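Reviewing the structure listed below.
Just so it is clear, none of the values below were taken in a lab; they were calculated from the coordinates. For clarity, every value in this text was computed on a predicted model and none was experimentally measured. Quick reminder, even Gly has a Cβ in these numbers, built from the backbone with ideal geometry, and neighbours come from all protein chains shown.
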Amino acid sequence: MNNIEFDKRHIWHPYTSATNPLPCYEVKSASGVTLQLDGGHAVVDGMASWWSAIHGYNHAALNDAAKAQIDQFSHVMFGGLTHEPAINLCKTLLEMVPAGLERVFLADSGSVSVEVAMKMALQYWACQGRTDKHRIVSPRNGYHGDTFAAMSVCDPVNGMHSLFTNVLTKQLFAPAPQTRFGQTFSEDDILPLEELFAHHHHEIAALILEPVVQGAGGMRIYHPEYLKRARQLCDKYDALLICDEIATGFGRTGKLFACEWADISPDILCVGKALTGGYMTLAATLCSEDVAQGICQGQPGVFMHGPTYMGNPLACAVAGASLALINEGHWQSQVQQIEQQLKTSLPACAQLASVEDVRILGAIGVVEMKQTVNVANAQKSFINNGAWIRPFGKLIYIMPPYIIKPEELQILTDAIYTYASSLEV
Ligand SMILES: *Cc1c(COP(=O)(O)O)cnc(C)c1O
C-alpha cells in the first residue's frame, strides 16, 4: 500500500466521507507561500492553512522560537505552574486586543475557546443568581466550531442541527446581518435582533457572533453598524457580548481585530487560528475584569475548566514570536496591497455566467458560484494552474498568507477565473 492508499483506507480527513473520500494530496515541504506536493506540483497556498499561516511556511523567526523552547522544555502542567512563554504571550496579547479585556484563558483549539466563552457567560449569570439567563443568541450563518456547545450556536442549517436535534442545546437565532459592508446601513437589519432581546432578555446570557465577517458559515461580509448596535443591545438588555475573532483576528480584515471596524469591545473574545502563525494549535478566551470577578465571587468561586495541555509552552513560544512579527507592523500594508489587488482582479469573475457574487475585505476574496462547486474537479483545475484553493458549498474563496507577492496572488485569482469560466457552457 502506498501512502495515499493507506491514508484513503485508514485516516479520517475533515468534513470528508471515510468510505468515499475526496482525493488527497501529499505535501512534501512548504516554505513561503508555496506547498510542494508529492509528484512535483508546487502550488501557491490560497488558504493559509485555514486562515492560520499568515506569515507563510517555514518562517525563520517562528522556527527559531520553537527550537529555542524545545531545548528548554516542551510542556509542563499549567495547574500550579507557570512559565515565561505563556506570560510573555498573554502580556503581548492584552496590549493588542480591544480595550477592557483583562484576563486570558489559554485553550487548545478554537472550538474549545468557544466552549470556554459560553461556559464563562453561563457561570457569570449563575453566580449572580440569574440561572434563568442560560441561553445564547447567535445570528444565522455563523460558525463557531465543531464541538457540541459550539455547534449549538452555529447556523442551524449549515451546522446540521437536524442530525443532532435531541442533543444540541436549543439556542436562539437571529436572522443573519443583511446590509453588506460598504452599503448604507438599513435600520431593518437590526430590528429582528432587537425584538429577540425584547422578548427573551430574561433568559439570554450572551450574544455570540463573528464580527464583520461570517466565515465558514457562508463567507458573508456585513456592515459594522450591525456590530455596534449588537453591542448596544447587549448593554441595554444585560447580556454579555462574545466576539469570535478566531478567523478575523490578527489583521485579516484590514484591522488588527474586526471589532475595530465598529469601535467596540466585547465582554469575551475568542482568538485562535493565526495566533501561532499556523504552526500548532492554540487559542485563547479573553474576558473583562467584570466577567472574571462575576464568575469568581460567586459559588463555587473557581472557573471549572483546565485542558491537559493548557498553556503549552511550545505553542505559546511560537505564538509570542508570531505576535512579535505582527507588531512589526508590515501586516497593514501587506493586507492593504492584497485587498487592492483583489479589487482589481476578482470582480472580472462577476461577469461570468457561473458566478453569483464577488466579495472582498482585507486579505479575503470570495467568489460565490451559482451552483455547488464540484470540489474534486475544481481542485484538479486549481492545482494544474499552480494554486491551492479548497472551495466549500458554492464558495470559492482565498485568504492567503500576508507575505504573498503580487505575481503569486495573481496565480490564485487567475486560477479562480480560469475554473469559473470553464463552467460557462
Ligand atoms: C475555525 C473557527 C472556529 C473553530 O476553531 P478550531 O480551532 O477549528 O476548533 C471557531 N470559530 C470561528 C469563527 C472559526 O473560524
Practice prompt. Quickly work out the Asn20-to-Ala376 label distance, labels modelled 7 Å from Cα along the C-beta direction, and quote it in nm with one decimal.
Written response: 0.9
Worksheet item: For labels at Lys236 and Ile11 in the simple 7 Å Cα→Cβ model, what's the distance in nm?
Response: 5.2
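Using a/c under 1.5 as the rounded threshold, could you call the stretch 365-425 rounded, prolate or oblate? The axes a ≥ b ≥ c are square roots of the C-alpha gyration tensor eigenvalues, and prolate needs a/b larger than b/c, oblate otherwise.
It comes out prolate by the Cα gyration axes.
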Worksheet item: Taking 0.36 nm per residue of separation and subtracting the Cα-Cα distance, what length does fully extending His202 through Thr308 add?
Response: 34.6 nm
Worksheet item: Taking the chain as a Gaussian network, Cα atoms linked when under 10 Å apart, which of Asn88, Asn166, Asn312 shows the biggest mean-square fluctuation?
Response: Asn166
Worksheet item: How much length, in nm to one decimal, is gained on full extension between Gln297 and Ser162, taken as 0.36 nm per residue of separation minus their Cα-Cα distance?
Response: 44.7 nm
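Within the set of other residues whose C-beta is less than 13 Å from the C-beta of Ile54, count the net charge using Lys and Arg as +1 and Asp and Glu as -1.
On the way: positive: Arg252, Lys273; negative: Asp45, Glu328.
Here the count lands on 0.
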Worksheet entry | Under 19 Å from the Cα of Lys170 - aspartates and glutamates, other chains or at least 8 residues apart | Glu115, Asp132, Asp146, Asp155, Glu195, Glu203
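Which of the pairs Lys228/Lys255; Lys8/Lys28; Lys119/Lys255 have their Cα atoms more than 20 Å apart in this structure?
Numbers: Lys228/Lys255 16 Å; Lys8/Lys28 17 Å; Lys119/Lys255 28 Å.
In this structure, Lys119/Lys255 lie more than 20 Å apart at Cα.
Fewest Cβ neighbours within 10 Å first, please rank His134, His59, His10 accordingly.
Working: His134 14, His59 23, His10 9.
Exposure proxy ranking, most exposed first: His10, His134, His59.
Which of rounded, prolate, oblate describes the stretch 19-178, given a ≥ b ≥ c as roots of the alpha-carbon gyration tensor eigenvalues and a/c under 1.5 marking rounded, otherwise prolate only if a/b is larger than b/c? It would help to have the intermediate numbers written out before the result.
Values: a/c = 2.28, a/b = 1.26, b/c = 1.81.
In terms of gyration-tensor shape, oblate.
Let me have the 222 nm mean residue ellipticity of the chain computed from DSSP H runs of 4+ only, each contributing -39500 (n - 2.57), with the sum over all residues rounded to the nearest 500. All intermediate terms of the calculation are to be shown ahead of the outcome.
On the way: 13 runs with 149 residues, N = 425.
Value at 222 nm, helices only: -10500 deg cm²/dmol.
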Worksheet entry | Whichever aspartates and glutamates have a C-alpha closer than 17 Å to that of Lys380, once near sequence neighbours (fewer than 8 apart) are set aside | Glu26, Asp38, Asp45, Asp414
Item to complete: Please build a GNM for the chain, connecting alpha carbons under 10 Å apart, and tell me which residue among Ser152, Ser17, Ser333 fluctuates the most.
Response: Ser17
Worksheet item: For the chain, modelled as a GNM with alpha-carbon contacts under 10 angstrom, which of Gly294, Gly278, Gly79 fluctuates the most?
Response: Gly79
